[in-house]
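First the structure, in the form of C-alpha cells, and then the observations on it.
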Amino acid sequence: QEQGKFDEAIEAYKKAISLNPHYAEAYNNMGNALKGQGKLDEAIENYTKAFSLKPDYADAFGNVGNILQEQGKLEEAIEAYKKAISLDPHHALAYNHMAVVLQDQGKFDESIEACNKALLLKPDYANAYHNMGNALKGQGKFDELIEAYKKAISLNPDHALAHNNLGIAIQDQGKLDLDEAIASYTRSIIVKPDYAEAHQNLSFALLKSGKIKEGLDKNEWRWKTAKGLSRQRHFSKPLWDGKTSLKNKKILLWSEQGIGDTMNWSSCLPLVTSQAKHCIMECQEKLVPLLKRSFPNVEVKAVNKKSDLERDDFDLHLPMGSLYKHFIDKITQNTKPDAFLVPDPERVSFWRERLNSLGKGPYIGISWKSSVVSAYRRQHYPSISEWSPVFKVPDVTFINLQYTDYANDIAKVQDEFGVKVHNFEDLDQYNDIDDVAALCAALDMVVSTKVAPPFISSAVGTPTKIANWRQSSYNNILTNPVTSSYDMFDRDTWETWDNVFNLIAEDIFELKNKTTDTKDKL
C-alpha cells in the first residue's frame with residue numbers, strides 16, 4: 001500500500017481476513033487501499049465493517065469522515081470526526097481533518113479552534129499549523145498566517161504545501177520583496193519537483209517581478225494542475241512551438257479560460273494571421289459574433305471537443321494562454337492599441353439613443369464583483385458601499401454592467417446614496433456579449449473591479465477605470481487588459497479602497513466637466 005500497489009495490498013488484506021474474519025484493522029486498512037483506488041463507496045463499506053467488529057474504533061470513523069469530505073458531504077464528515085473524537089479524545093488527526101472541513105464551510109474560527117486542540121494533543125503537528133495558516137488566510141490575518149506556515153515548516157522542512165502557501169501569503173501580504181515569495185515557491189518545488197501548482201504560482205510571481213519570459217515559460221506548468229488537466233484538449237496534430245514556420249500552415253487557437261482572458265488574448269490574432277496561411281479560433285459560443293466581426297480574416301467558431309483526436313482541418317494548434325509566450329517581444333515593443341474589438345454599429349446607435357432617453361450624461365457603466373466567491377477572490381472586490389466617492393459625484397447617470405447578483409446592491413446604492421443605477425432587464429448581460437460590447441461602446445466611461453466587463457469596454461475603446469488589488473497574482477502582463485483605454489488604480493493589501501475610489505471620482509468629475517463644456521459649445 002505504501003508503494004501504491006493497491007491491488008496487491010487488497011489481496012493481502014483479504015487473505016488476512018480469510019484467516020481471521022474478525023480482524024477489524026485489516027478491514028480498515030483495506031478501506032484505505034480502496035480509497036487510494038478511488039473506490040470510495042467500497043472503502044466506506046470496509047470502514048463500516050471495521051467498526052461493526054470494533055465499535056470503539058476511532059480511526060475507522062475518522063477515515064469515513066475523510067471520504068465524506070471528498071464527496072462534499074461536509075456535515076456528515078464533521079459528525080464522523082466528532083464520533084472518532086468521542087471514542088478517542090486524544091485523536092489529533094480527527095481534530096486536524098475536521099479543521100479542514102470547517103474551512104470548506106467558511107467556519108474559520110471553529111477551524112482554528114480545532115487546529116489548536118490538535119496541537120494541544122500533538123505540539124509538533126506540522127499539518128495542524130499548516131491548516132491553521134489556511135484558516136487564518138480565510139480571515140485575512142496575513143501576519144498570523146505567515147507565522148503559522150513558518151511554524152509548520154520549522155517542524156517539517158519538507159512540507160511542500162506549506163512552502164507553497166507561505167509564498168502565496170508573502171505575495172498577498174505585500175510587505176516583503178517578491179524574491180521572498182519566489183524563494184518559497186522554489187523551496188516547495190525542490191521538495192516536490194512535480195508540484196504543478198507551485199510552479200504556476202512561481203510563474204505569476206516571476207511575471208509580477210518583471211521576469212516576463214521566465215514567467216511565461218514557467219506558466220506552461222498550468223497544464224499539470226488539477227484545473228489545467230480538466231481544460232486540456234488532445235489532438236493528433238502537434239502543438240505549435242513558436243519556432244516552426246507558420247507559412248502555408250493552418251493553425252487552431254483554442255480558448256482555455258474565461259471570456260475576459262479570451263477577449264484579451266484575441267488581441268494577438270493579427271500577429272498570428274500575419275504569419276499563418278489560415279487561422280481558426282475556437283472560443284466560447286457567446287463570443288463568436290463579436291470576435292467574427294472584429295477579426296474577419298480569422299475563422300471564429302464555438303468550441304467543439306467531440307472529435308478532437310480525429311480532426312484534420314489544421315496543421316498545428318495552440319492554447320490561447322501561450323500566445324504571449326511566443327509573441328512577447330512584439331507585444332512589448334508595440335504600442336498598446338486603443339481598441340481591437342468591433343461592436344455592431346447599429347446596436348451602438350441603439351444604445352446611445354436609449355441612454356439619452358434616461359437623462360443627461362456622462363453615462364458611466366459599473367460592475368463590482370465576480371459571481372465566484374472565495375476568501376482570496378474577496379480581496380479583489382470591495383463592497384458596493386465602499387464605492388461612496390464615485391456615487392457622490394453629482395449629475396452622473398450610472399448603468400449596471402453586472403450580469404448576476406446585482407439587485408440587492410443596486411437597491412443599497414439607492415438607499416445609501418440616493419443614486420439610481422439603471423439596469424436593462426431586456427439585456428442578457430451573461431450571454432449576449434455582442435450587445436454588451438455595443439452598450440459599452442455607447443458609454444462615456446466604465447468603472448469596475450477586475451471582472452469581465454472592463455475587458456470588453458477597454459477593448460472597444462471606452463475609457464475604463466479599474467479598481468485593482470495590487471498584490472493579486474492575477475495582476476500581471478498576462479492577465480491585465482492590453483489596450484491604452486484603461487487606467488488601473490491600485491490598492492495595497494493593508495489599505496482601504498478609499499484612495500482608489502477618490503481618484504476614480506476625480507476622473508469622473510473631469511469627464512463630466514469636459515462633457516458639459518462640449519455641450520455648451522454645441
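The values are calculated or read from the model by the stated rules, or taken from the named source; none is laboratory data. Keep in mind that what you see is a predicted model, and the values were worked out from it rather than measured. Because the Cβ atoms are built from the backbone with ideal geometry, glycine has one as well, and the counts that use them run over all protein chains shown. These accessible areas exclude ligands, DNA and RNA; they are computed on the full protein's heavy atoms, side chains included. Shrake-Rupley method; radii C 1.70, N 1.55, O 1.52, S 1.80 Å.
Would you call residue 80 in a helix (DSSP H, G or I), in contact (Cβ under 8 Å) with a residue 24 or more places away in the chain and either crowded, with 22+ Cβ neighbours inside 10 Å or not hydrophobic (A, V, I, L, M, F, W, C) (or both)? So residue 80 does not fit the description; no. Counting the residues of the stretch 7-39 that are open to solvent by 50 Å² or more (accessible area, probe 1.4 Å) and in contact with a Leu (Cβ under 6 Å, 6 or more places away or on another chain) gives 1. Residues that are closer than 14 Å to residue 341 by Cβ and open to solvent by 10 Å² or more (accessible area, probe 1.4 Å) within the stretch 424-441 comprise 434, 435, 441, listed in sequence order.
Within the stretch 291-318, the set of residues being over 11 Å from residue 235 (Cα atoms), in contact with a helix residue (DSSP H, G or I) (Cβ under 8 Å, 6 or more places away or on another chain) and either open to solvent by less than 50 Å² (accessible area, probe 1.4 Å) or in a loop (DSSP other than H, G, I, E, B) (or both) comprises 291, 294, 295, 297, 298, 300, 302, 303.
Answer yes if at least one residue in the stretch 370-383 is open to solvent by 70 Å² or more (accessible area, probe 1.4 Å) and not aliphatic (A, V, I, L, M), and no otherwise. The answer is yes, given that some residue of the stretch 370-383 is open to solvent by 70 Å² or more (accessible area, probe 1.4 Å) and not aliphatic (A, V, I, L, M). Only one of the numbered conditions (1) small (Gly, Ala, Ser); (2) farther than 26 Å from residue 358 by Cβ; (3) surrounded by fewer than 20 Cβ atoms within 10 Å (Cβ to Cβ) is not met by residue 461, and that is (2). Residues in the stretch 137-173 that are within 26 Å of residue 209 (Cα to Cα), part of a helix (DSSP H, G or I) and not aromatic (Phe, Trp, Tyr): 24 in all.
Scanning the stretch 484-500 for residues that are open to solvent by 70 Å² or more (accessible area, probe 1.4 Å) and within 17 Å of residue 390 (Cα to Cα) returns 496, 498, 499. Could you say whether any residue in the stretch 376-390 is within 20 Å of the chain's Cα centre (by Cα) and within 19 Å of residue 263 (Cα to Cα)? No; the residues of the stretch 376-390 include none that is within 20 Å of the chain's Cα centre (by Cα) and within 19 Å of residue 263 (Cα to Cα).
Screening 489, 455 for residues that are in contact with a strand residue (DSSP E or B) (Cβ under 6 Å, 6 or more places away or on another chain) and aromatic (Phe, Trp, Tyr) leaves exactly one candidate, 489. Would you call residue 126 farther than 23 Å from residue 57 by Cα, of a type in the set (A, V, I, L, M) and surrounded by fewer than 23 Cβ atoms within 10 Å (Cβ to Cβ)? When the stated conditions are applied, residue 126 passes them.
Of all residues in the stretch 451-469, those being modelled with pLDDT of 95 or more and either in a loop (DSSP other than H, G, I, E, B) or at positive phi (or both) number 4.
A Cβ distance below 6 Å, combined with a sequence gap of six or more or placement on separate chains, defines the contacts here; from the stretch 230-258, residues that are more than 11 Å from residue 279 (Cα to Cα) reach residues that are modelled with pLDDT under 95 and surrounded by fewer than 17 Cβ atoms within 10 Å (Cβ to Cβ) in the pairs 233/308; 234/308; 235/308; 236/309; 256/231. If the condition is being under 16 Å from residue 319 (Cβ atoms) and open to solvent by less than 30 Å² (accessible area, probe 1.4 Å), then the stretch 277-290 contributes 279, 280, 281, 282, 283, 287.
Inside the stretch 15-47, can you point out the residues that are among the hydroxyl-bearing types (Ser, Thr, Tyr) and under 13 Å from residue 67 (Cα atoms)? Within the stretch 15-47, 47 is the sole residue that qualifies. The set of residues in the stretch 365-381 that are in contact with a helix residue (DSSP H, G or I) (Cβ under 8 Å, 6 or more places away or on another chain), modelled with pLDDT under 90 and in a loop (DSSP other than H, G, I, E, B) comprises 370, 379.
Entry remark, the stretch 83-124: residues being of a type in the set (Ser, Thr, Tyr) and without any contact (Cβ under 8 Å) to a residue 24 or more places away in the chain number 1 in total. The single condition among (1) farther than 21 Å from residue 436 by Cα; (2) of a type in the set (Asp, Glu); (3) part of a helix (DSSP H, G or I) that residue 395 does not meet is (3). Whether any residue in the stretch 495-507 is touching a residue at least 40 places away in the same chain (Cβ under 8 Å) and in a loop (DSSP other than H, G, I, E, B) is what I want to check. Yes, the stretch 495-507 has at least one match. Helices (runs of 4 or more DSSP H) fully within the stretch 195-273 that include at least 1 residues being of a type in the set (Gly, Ala, Ser), buried (at least 22 other Cβ atoms within 10 Å of the Cβ) and touching a helix residue (DSSP H, G or I) at 6+ places or on another chain (Cβ under 7 Å): 196-208, 212-218. Taking the criterion of being in contact (Cβ under 8 Å) with a residue 60 or more places away in the chain and polar (S, T, N, Q), the only residue of the stretch 413-445 that qualifies is 431.
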